[in-house]
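Only the coordinates and a few stated rules stand behind these numbers; no lab work does. No experiment lies behind these values; they were computed from the predicted model shown. Quick reminder, even Gly has a Cβ in these numbers, built from the backbone with ideal geometry, and neighbours come from all protein chains shown.
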Amino acid sequence: MNIQKLMRQAQQMQERMQRELGELVIEAASGGGMVKVTMSGHKHLLSVAIDPEAIDPSDPAMLQDLVLAAVNEANRKVDEALQSRLGSMAGGLPGLG
């Protein structure tokens with residue numbers, strides 16, 4: 001096995017993964033859709049949408065929890081997508097697939 005060729009393949013896969021993550025957009029929601037977030041594959045929060053019904057001035061903690069839950073769910077989905085892509089890419093490397 002040519003180690004230089006293997007290293008080149010690994011670098012190409014890493015570059016491809018970075019491109020794909022940049023293009024990946026994940027959506028997640030909490031509270032039955034009352035709070036929705038959109039996150040990039042690089043885990044940058046792109047948008048937050050809050051249903052006006054979720055805004056209760058007497059209970060700000062509930063809204064905070066809904067936002068936190070939606071962001072954590074988006075994070076989890078990005079991680080799942082990353083693992084899925086890494087698994088499929090590793091199949092292209094000798095000895096890893």
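Remark: 40, 88 ranked as 88, 40, counting other beta-carbon atoms within 10 Å and listing the fewest first.
With the charge dipole of region 18-90 set up from +1 on Lys and Arg Cβ and -1 on Asp and Glu Cβ about the Cα centre, the Cα lying farthest toward the positive end among the listed residues 41, 88, 57 is that of 88.
Annotation: extensible slack from residue 38 through residue 79 equals 13.3 nm (criterion: 0.36 nm per residue apart, minus Cα-Cα distance). What you get for the chain, charging only the Cβ of Lys and Arg (+1) and of Asp and Glu (-1), is a dipole of about 860 debye around the Cα centre. Phi angles across region 79-88 convert, under the Karplus curve 6.51 cos²θ - 1.76 cosθ + 1.60 with θ = phi - 60°, into 3J(HN,Hα) values of 4, 4, 4, 5, 4, 4, 5, 4, x, 6 Hz, Gly and Pro given as x.
For the chain, modelled as a GNM with alpha-carbon contacts under 10 angstrom, which of 17, 34, 62 fluctuates the most? Of 17, 34, 62, the Gaussian network model singles out 62 as fluctuating most.
Rounded, prolate or oblate, given the Cα gyration tensor of region 18-90, with a/c below 1.5 counting as rounded?
prolate
Each stretch of four or more DSSP H residues adds -39500 (n - 2.57); spread over every residue of the chain, this sum gives -19000 deg cm²/dmol at 222 nm.
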